[in-house]
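A.B. asks: A single structure is presented below for examination.
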Amino acid sequence: MNVATTRPAFPFTALVGQAPLQRALLLAAIDPAIGGVLVSGPRGTAKSTAARALAALLPDGAFVTLPLGASEEKLIGTLDLEAALRESAVRFAPGLLARAHDGVLYVDEVNLLPDALVDALLDAAASGVNTVERDGVSHTHEARFVLVGTMNPEEGELRPQLLDRFGLMVELDNRYDTAERQRIVKARLAFDANPQAFCAAHAQAQRELAARIAGARGALDALEWSDAVHERAAQLCVEAAVDGMRADLVMLRAARALAAFEGAAQIAPEHVEQVADAVLAHRRRVLPDQPPAGRDDASRAQPPSGHDEAERQREKQQSESTSDWGEMPPEPVAAKAVKGVIPLPTKKR
């Protein structure tokens, strides 16, 4: 028996110091149409551990990894054209998107993937559908999954166009609190020593969390966005100077997912505020500083100081004396006798 295949995933409820990441993953699991989660951070910050832990909470528990160097056919699947022509039927070979249906599709170092693959991933994650077309023959299948992409900022960034299409983003940092590091290491050592016993200790919390996710999924359609919720989302997006409207849509979906997870009767502006950081982390733009309105008018209304007036007079004199480019101001020169000129006689007194 292969030990690797029977080894359970680290329990989601046992993660330590990962509250922002856990929330983002749960929201994406409740509503996969949010568009996936991008996790940015250095090595060894439990990015893959958290993604595997989330998959264990979902009904099918599928956890699919997209390796670097994978082809587009491996990702989206292929069509057998010969069979289609011979049998008048579409024969489809499923790809990773089909295998990840109702589970988690994990992409490590997504910033190193070709743009075409990232486009296909994000399209399927947002729509929940994968369509394969080849020479006029097409096949469509459901592909609802939680997309989790990770990246190390030191190894390069995603293009802004692709970055914006990830629904949520969480930035992880190294932990420098000694007490927190000890809790993380102790939990990991206990899991490695006896995975089955460790998971059994968290089994009740895991079942309760899985039930909350399922209940939140069923409650989504019953929750509506009020005008106050729309207004708060718009305010936050305007303050962040985001491009386009995707941030507003994702923020509203994430707020609804959070309200459903909490069992709230309605979506509140507070739900919007709680998800705003994950929605805006990769979309916020910094605009150049603008002078305060009326500053120029106010400065013109003030009388010039003595120093400013003296400086203005010097500039005026300099401009008048240099009216032609290269012309030098006149300077006094001592008179000299010129040869061949007879001086005029002077009268004697």
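Computed from the coordinates by the stated procedures, all read-outs in this text should not be read as laboratory data. The structure presented is a predicted model; accordingly, all values stated were derived computationally and were not measured. All Cβ positions, glycine included, derive from the backbone under ideal geometry; neighbour counts span all protein chains shown.
A.B. asks: Restricting to bridges with both residues inside the range 8-173, how much of the DSSP beta-bridge set is antiparallel, in percent to the nearest 5?
C.D. replies: Percent antiparallel among DSSP bridges in the range 8-173 is about 40.
A.B. asks: Expressed as a whole number of Å, what is the distance separating the alpha-carbon centroids of the range 31-65 and the range 164-216?
C.D. replies: 11
A.B. asks: In Å and on Cα atoms, what radius of gyration and Dmax does the range 8-173 show?
C.D. replies: That works out to 16.5, 57 Å for Rg and Dmax.
A.B. asks: Which of rounded, prolate or oblate describes the range 217-286 when judged by the alpha-carbon gyration tensor and an a/c cut-off of 1.5? Intermediate values should be presented prior to the final figure.
C.D. replies: Working: a/c = 2.29, a/b = 1.95, b/c = 1.17.
Since a/c reaches 1.5 and a/b is larger than b/c, the shape of the range 217-286 is classed as prolate.
A.B. asks: If packing is taken as the average number of other Cβ atoms within 10 Å across a peptide's residues, how do 65-74, 152-161 rank, most packed first? If you can, show how the numbers build up before the last one.
C.D. replies: Working: 65-74: 13.8, 152-161: 11.9.
The densest-packed peptide leads the list: 65-74, 152-161.
A.B. asks: Right, next: Note down the net charge around LEU189, summing +1 for each Lys or Arg and -1 for each Asp or Glu among other residues with Cβ under 14 Å from its Cβ.
C.D. replies: Around LEU189, the surrounding residues sum to +3.
A.B. asks: Just going by the charge dipole of the range 8-173, with Lys and Arg at +1 and Asp and Glu at -1 on Cβ, which of PRO59, LEU147, LEU25 is farthest out on the positive end?
C.D. replies: PRO59
A.B. asks: Residue by residue, what Karplus-based ³J(HN,Hα) values in Hz, rounded to whole numbers, does the range 61-69 have, using 6.51, -1.76 and 1.60 with θ = phi - 60° and x for Gly and Pro?
C.D. replies: x, 6, 10, 10, 10, 8, x, 5, x
A.B. asks: If you take every residue apart from VAL279 with its C-beta less than 15 Å away from the C-beta of VAL279, what net charge results, scoring Lys and Arg +1 and Asp and Glu -1? All intermediate terms of the calculation are to be shown ahead of the outcome.
C.D. replies: Numbers: positive: ARG23, ARG165, ARG232, ARG246, ARG253, ARG256, ARG283, ARG284, ARG285; negative: ASP31, ASP164, GLU171, GLU239, ASP243, ASP248, GLU270, GLU273, ASP277.
Net of charged neighbours comes to 0.
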